[in-house]
Amino acid sequence: MNYKEIESIIAGKDKIFISSHMNPDGDSLGSASAMYHYLKKLGKDCRIINHSPTPEVYNFLNTDNIFYELDGDNAGFIKNADLGIILDIGDFYRLGDIAYLIEDNNIETLSIDHHPQSDNDLFTNTFINLNACSVGEILYSYFCDIDKTLIDKNIMLGLYVAVLTDTGSFRHSNTTEISHQIAVDAISMELEISKIYQHIYESSSVSRIKLLGNVIQNLNFDCNGELAWFSLNEDMVKEVNGSNQDFDGFTDFFRSIKGVEVSLMLYDLKGKVRLSFRSKGKYKVSEIAKKMGGGGHPFAAAALVEGEFSDVKSNVLSMLSTYINKHNENNIS
């Protein structure tokens, strides 16, 4: 990755917005926070503007109110920006309504990502490192290449949150040597890593626990127990007075069951179905996600599929079962 080129693109711009995918996660928010504080050090006029609100568990990143949800004022900032820095996106249109603002106003963009390039790579400049565990890791390498002394506690907090969440607390196979170096640096800078963990993983709402309990009661298993899948809809979330943030991480949770290799969530959006795939590593679920019109990493992928819920469910479960059974037959033979 050409870090000097990234530096050069940023250097020539004064008004910059930072954005990421709808329903932002730890990597997108942590990376955005780190990039924001870096740009502020450079004297840039910048804002973090996302299509979706910031999940409550990440409010500790937002003590200075640096995260904005798209509205009229922030749309105006985007329209007048010299550059949009897009992080952790995977696909241009996962920006939500911000994508159309960029298109309509012909705004230059700089995409930094660790997802495979999609067919909708409509960015002006694209920098991808598929070997990085997170965009946070890429930004850490960028800052170190430019000038590591730029990394202060605010920047390090964002980087650490990005790496912590996208590696599953350093448990997943995407964990790298750099991931652990970021953790070492975070401890050296006296970040309260136990409190960071508590904010993210030990602050579940009552509605989230109730929703998890309801999902557990209706959890399904197929393919000799290697596939665990569950369905959700808006009514189920409303029943527990919850929000769409409450089921974040459910697919990771069910993947942890002994014998389960793949976990699948199907969220009924009435005319569309949101699919979330997780794999322990035996099966590359991105292959199925791509067939459903989505994408992602080999062992963590997603798709948004148009169609009736029953039809999409039947289709994706059939694809997964065929893929898993064929994989096992080939290995036996």
**Fill in**
Listed by range, strands (runs of 3 or more DSSP E) wholly within region 227-333 having at least 1 residues that are in contact with a Pro (Cβ under 7 Å, 6 or more places away or on another chain) are 295-297
**Item:** region 99-119 - residue that is surrounded by 13 or more Cβ atoms within 10 Å (Cβ to Cβ) and closer than 18 Å to Leu304 by Cα and, of those, farthest from the chain's Cα centre (by Cα)
**Value:** Ala99
**Prompt:** Quick one: which of Leu212, Leu164, Leu139 is in a helix (DSSP H, G or I) and in contact with a strand residue (DSSP E or B) (Cβ under 8 Å, 6 or more places away or on another chain)?
**Reply:** Leu139
**Asked** Leu122: at pLDDT below 95 and either in contact with a Pro (Cβ under 7 Å, 6 or more places away or on another chain) or farther than 23 Å from Asn23 by Cβ (or both), yes or no?
**Response** no
**Message:** Take the conditions outside the structural domain of Tyr58 (by TED's automatic domain parsing) and more than 30 Å from Thr322 (Cβ to Cβ) and apply them to Gln217. Does it pass?
**Reply:** no
**Item:** Tabulated pairs, region 280-291, first over 12 Å from Val316 (Cα atoms), second among the charged types (D, E, K, R), C-beta under 9 angstrom, 6+ apart or interchain
**Value:** Lys280/Arg255; Lys280/Glu261; Gly281/Glu261; Lys282/Glu226; Lys282/Glu261; Tyr283/Glu226; Tyr283/Glu261
**Request:** Look at Phe277 and say whether it is touching a helix residue (DSSP H, G or I) at 6+ places or on another chain (Cβ under 6 Å), without any contact (Cβ under 8 Å) to a residue 60 or more places away in the chain, surrounded by 16 or more Cβ atoms within 10 Å (Cβ to Cβ) and not assigned by TED's automatic domain parsing to the domain that holds Ile89.
**Result:** yes
**Close pairs from region 169-189: first surrounded by fewer than 19 Cβ atoms within 10 Å (Cβ to Cβ), partner among the small types (Gly, Ala, Ser), Cβ under 6 Å, at least 6 apart** = Ser173/Gly281
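The values are calculated or read from the model by the stated rules, or taken from the named source; none is laboratory data. All of these numbers come straight from a predicted model, not from anything done at the bench. Note that we place each Cβ from the backbone using ideal geometry, even for glycine, and neighbour counts take in every protein chain shown.
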